[in-house]
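Here's the structure we're looking at; comments come further down.
The values are calculated or read from the model by the stated rules, or taken from the named source; none is laboratory data. Because the structure is predicted, anything quoted here is derived from the model rather than measured. Cβ coordinates were reconstructed from backbone atoms using ideal geometry, including for glycine residues, and neighbour counts include every protein chain displayed.
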Amino acid sequence: MSEDRQNAVAIAIVLLISIVIVLAFMLRAHAAAPEICKPYARAVTDLVIRYSWMRAYTTCLNSDEDPILPETAIGAGNIIFEWESPPPPPMKPPGSVPATDEPAIDPSMSEAVPAGPQSHVGKSGFARGTKGWLAYCRRYWPASFRASDGTVINPKIDRHRRVPCPA
């Protein structure tokens, strides 16, 4: 290769590299201006705080027992965003001795199911959907029992989803 040709190739390479460098500076990424990002962050933060407060408040209102205050940010996230989590820790026993007698059931509600192959009978002694079953679920899950579908929010099973009333 002649010396003139080598010089021409070297000049072409230098020009090509120069063009690439100039284009790289022209096409660099641009971030949003701080004047836009600060109000955006404030608005998003306000929305997250309102949403978090409403989730915590409604979770508390729908609980049949006093809710346990989460000790970590992950515990709070489990309440607010319904993250998958391990089962909650066992509840602390109450300060008083619980009653040992059986719950009084209104005799007018007695629809005891006869022995034999019948529909499933739970702890209440009544078949699902009967008046006695409804009274039992309303008594033991007053804040979360929904009669239209027979579900409750049972913290021992899943404190964020409705489950069938275990009566």
For the range 124-137, does any single residue satisfy the condition of being modelled with pLDDT under 55 and among the small types (Gly, Ala, Ser)? no
Cβ contacts < 7 Å: first residue in contact (Cβ under 8 Å) with a residue 12 or more places away in the chain, restricted to the range 52-65; second residue of a type in the set (A, V, I, L, M) and part of a helix (DSSP H, G or I), any location; separation 6+ or different chain. Result? SER52/ILE80; ARG55/ILE79; ARG55/ILE80; ALA56/ILE79; ALA56/ILE80; THR59/ILE79
Give the range 41-97 a look and list any residue that's aromatic (Phe, Trp, Tyr), touching a helix residue (DSSP H, G or I) at 6+ places or on another chain (Cβ under 8 Å) and either under 27 Å from ARG138 (Cα atoms) or modelled with pLDDT of 80 or more (or both), or say none. TYR51
Of the conditions (1) in a loop (DSSP other than H, G, I, E, B); (2) of a type outside the set (A, V, I, L, M); (3) modelled with pLDDT of 85 or more, PRO103 fails just one. Which one is it? (3)
Read through the list (1) among the hydrophobic types (A, V, I, L, M, F, W, C); (2) modelled with pLDDT of 80 or more; (3) touching a helix residue (DSSP H, G or I) at 6+ places or on another chain (Cβ under 9 Å), then give the number of the only condition that ALA31 fails. (2)
Could you please find all residues in the range 46-84 being of a type in the set (Ser, Thr, Tyr) and surrounded by 12 or more Cβ atoms within 10 Å (Cβ to Cβ)? TYR51, SER52, THR59, SER63
Is it true that some residue in the range 4-12 is basic (Lys, Arg), in a helix (DSSP H, G or I) and modelled with pLDDT under 80? yes
